[in-house]
Amino acid sequence: MINNDLSDTIAAVSTPVGVGGIGIVRISGKGALNIADKIFISPDGKKPSAFKTYTTHYGAIARQSKIIDEVILTVMRGPKSYTREDIVEINCHGGIVALREALELVLESGARLACPGEFTKRAFLNGRIDLTQAEAVLDIIRAKTDSALKLGVEQLKGSLSNEINKYRESLLGVLAQLEAGIDFPQEEVPREDPKAISENLAAVEKGLGELIAGSRLAKILREGIHVVICGKPNVGKSSLLNALLKEERSIVTPVAGTTRDAIEEIIDIKGIPVRIVDTAGILEPRDLVEKKAVARSRKHIASADLVIILFDASKRLSKEDTFLINKLKKKKVIALVNKSDLKQKIERVRLAKIFRSVIDISAKKMININLLENAIADLVYSGHIASREPLMAVSLRHTDIIRRAKIIIARARESLDNSLPPEFIAQDIKEALGYLDEISGKKFSEDLLDKIFSEFCIGK
Ligand code: GDP
C-alpha cells in the first residue's frame with residue numbers, strides 16, 4: 001500500500017544501493033528542517049532552518065554529539081522543490097553502513113521511511129507535476145537508449161499532457177455549446193451547429209487515433225525489440241554478434257551462457273534497443289544439455305520479433321539450412337549470406353526464391369554490417385516513420401484510456417448525426433472528458449496511484 005498522507009515527513013536513501021563515492025539521504029515534508037536542525041552540526045554553529053533555500057553546507061551529522069559522518073547538506077524549501085515541500089538532502093559517504101546509519105538517524109529524529117516513488121507521488125499530489133509527468137520520471141530512470149530518454153524528457157516537460165489538454169479544450173467547447181441548447185431551449189440564444197460540432201468531434205477522434213498509432217513506436221523505443229540470430233553451426237553467428245557490438249554500443253554486458261547455449265546482448269541500433277540473442281547452433285542434440293539448449297533456442301525463436309538467419313556463402317545449402325528455413329515460416333526474417341569474402345558456393349537462385357531480399361555480409365571482415373542495421377531499423381520504423389521522431393511516450397495505460405475516449409466520441413458523433421437530443425450527446429462528451437482527465441491524473445483512483453508508484457524505487 002502506498003501512503004497518501006502528506007502530513008508526515010518522509011525520508012529515504014535516494015542513491016543506488018552499494019558502495020559509491022557519495023550517497024544521498026533525502027528528507028521531505030513539514031518536519032524536514034526541524035530534523036536537520038537536530039542532527040546537523042555546522043562549523044559556525046548555524047542551524048539548517050536558518051539556511052537560505054538552495055544552499056549547500058559543509059558539516060557533520062551526529063547522534064547526541066557523537067559524529068556519524070562528515071556530510072554536505074542542501075536545503076530546498078517548498079514550494080520550489082521536487083515535492084513542493086521542504087526538502088533536505090544529506091550527501092554522505094557512499095558506503096552501505098554509513099548511509100544506513102545516516103538514514104536511521106533521520107528516522108529516529110522524526111521522519112518515516114518513504115514508500116517506493118513517494119517523493120514523486122508527493123510532487124503529483126501537491127500539484128507540481130501531473131500523472132503523465134510522474135510516469136515520465138519512471139521512463140527516464142529506465143531509459144535504455146537516447147531515444148527512449150528523449151521521449152521521457154519530452155513527456156516530463158508535459159508534451160502528452162499538452163496534447164491531451166488540446167482535445168480536452170475542444171470537448172469543453174462542444175459541451176458548452178450543447179449545454180446552452182439544453183439550458184435555454186426556448187430562447188433566442190444561437191443554437192448549437194450540429195455540423196460544426198460533428199467536425200470538432202471528428203478532429204478530436206482523429207487526433208486521439210494518431211496518439212494511439214504513435215504509441216506502438218514509443219513502446220518499441222522504450223522496451224526494445226527481441227531479435228534472434230540463427231543458423232547452422234560455424235556459419236558465423238557469434239562473429240555477427242561481435243561485429244554488431246563492435247559497431248554499436250552494448251547497453252548491458254552479456255548474460256552468462258555457455259558456448260552451447262544462447263548469449264544475449266542489448267545493443268542500441270539507430271535509437272532502438274535491440275535485444276539480440278545468439279542461439280545455439282545445434283540442430284540435433286547429442287545429450288541432455290544440448291537438448292535443453294535446443295529447446296531454449298526454439299523458445300527464443302518463437303518469441304522473437306525478428307529472426308536473422310545466417311547462411312555460409314562458401315558452402316552449398318544443406319539439410320540443416322532447409323530445416324531452419326522451414327522453422328521460420330511465420331516469422332519476420334532477415335536473410336544474410338555470411339563469409340562473402342570467401343569463394344562463393346551457395347545457391348543464390350534458390351535463396352532468392354525463398355527470401356524477398358538477401359544481404360551479403362562478412363562478419364569477420366565487418367563488411368555490410370551497416371546494411372543489416374539499416375534493414376532492422378527500416379523494419380521497426382516501417383520506412384515512413386524513420387524521419388519523424390515520435391513526440392510522445394504514450395504508454396499502455398494511456399492508449400487504453402484514449403481508446404475508450406475515442407469510442408465514446410464516435411458514439412456521440414453518431415448520436416449527433418441521428419439528431420438525438422443534445423442531453424445524450426452532452427452525457428457522452430462528459431464521459432470522454434472523464435477519461436482524458438484520468439490520463440493527466442485530474443481524476444485518479446487509489447489503485448491507480450498504487451500501481452504507478454509501486455513501480456518506482458524507494459527514494460525517487
Ligand atoms: P557460429 O558457430 O555460427 O557462432 O560461428 P562463429 O562465429 O564461431 O564462426 C565460425 C568460424 O567462421 C570462425 O572461424 C570465424 O572466424 C569464421 N567466420 C565468421 N564469419 C566469417 C566471415 O565473414 N568470413 C570468413 N572468412 N570467416 C568467417
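The values are calculated or read from the model by the stated rules, or taken from the named source; none is laboratory data. Predicted, not measured: the structure shown is a model, and the values here were computed from it. Glycine gets a Cβ as well: all are built from the backbone with ideal geometry, and neighbour counts include every protein chain shown. Ligands, DNA and RNA are stripped out before the accessible areas are found, and what is left, the full protein with its side chains, is counted by its heavy atoms. Shrake-Rupley method; radii C 1.70, N 1.55, O 1.52, S 1.80 Å.
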Sticking with the crude label model, points 7 Å out along Cα→Cβ, report the distance from Ile22 to Ala196 in nm, one decimal please. 5.9 nm
Tyr54/Asp146 FRET efficiency (R0 30 Å; Cβ-Cβ; nearest 0.05): 0.55
Given a 1.4 Å probe and every protein chain left where it sits, what share in percent of the accessible area of the chain is carbon and sulfur? 55 percent
Computed over segment 10-129, the relative contact order (Cα-Cα under 8 Å, seq sep at least six) in percent reads 32 percent
With point charges of +1 on the Cβ of Lys and Arg and -1 on the Cβ of Asp and Glu, referenced to the Cα centre of the chain, which listed residue (Ser454, Leu125, Ala313) lies farthest in the positive direction of the dipole? Ala313
Return, ordered by residue number, the residues of segment 419-460 whose backbone nitrogen is under 19 Å from a label point located 7 Å along Cα→Cβ of Leu172. 426-444
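Taking the Cα centre of segment 32-119 as origin, sum charge times position over the Cβ atoms of Lys and Arg (+1) and Asp and Glu (-1), and report the length of that vector in debye to the nearest 20.
Here segment 32-119 has a charge dipole of around 240 debye.
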Starting from 0.36 nm per residue, how many nanometres of slack lie between Ile72 and Cys457 once their C-alpha separation is accounted for? 136.2 nm
Going from most exposed to least, what order do Arg26, Arg168 have by accessible area with a 1.4 Å probe? Arg168, Arg26
Under the rule a/c < 1.5 gives rounded, and otherwise a/b versus b/c splits prolate from oblate, where does segment 131-441 land using the Cα gyration tensor? prolate
Please give, to one decimal in nm, the separation of the simple spin-label points placed at Glu210 and Lys430, each 7 Å out from Cα toward the Cβ. 3.1 nm
Projected onto the charge dipole of segment 10-129 (+1 at Lys/Arg Cβ, -1 at Asp/Glu Cβ, origin at the Cα centre), which of Leu107, Gly45, Val88 gives the Cα projection farthest towards the positive end? Val88
Toy charge model, Lys and Arg Cβ at +1, Asp and Glu Cβ at -1: the chain dipole around Cα centroid in debye, rounded to 20, equals 2560 debye
What is the calculated FRET efficiency for Arg286 to Asp400, with r their C-beta to C-beta distance and R₀ = 45 Å, to the nearest 0.05? 0.40
The chain: relative contact order in percent, alpha carbon pairs under 8 Å with at least 6 residues between: 17 percent
Options Ala213, Leu201, Thr279, ranked by Cα towards positive dipole end of the chain, top entry (Cβ charges): Thr279
At what distance in nm do the modelled label points of Leu448 and Gln344 sit from each other, each positioned 7 Å from its Cα along Cα→Cβ? 5.9 nm
Would you mind pulling out the separation of the Cα centroids of segment 304-339 and segment 350-365, in Å? 9 Å
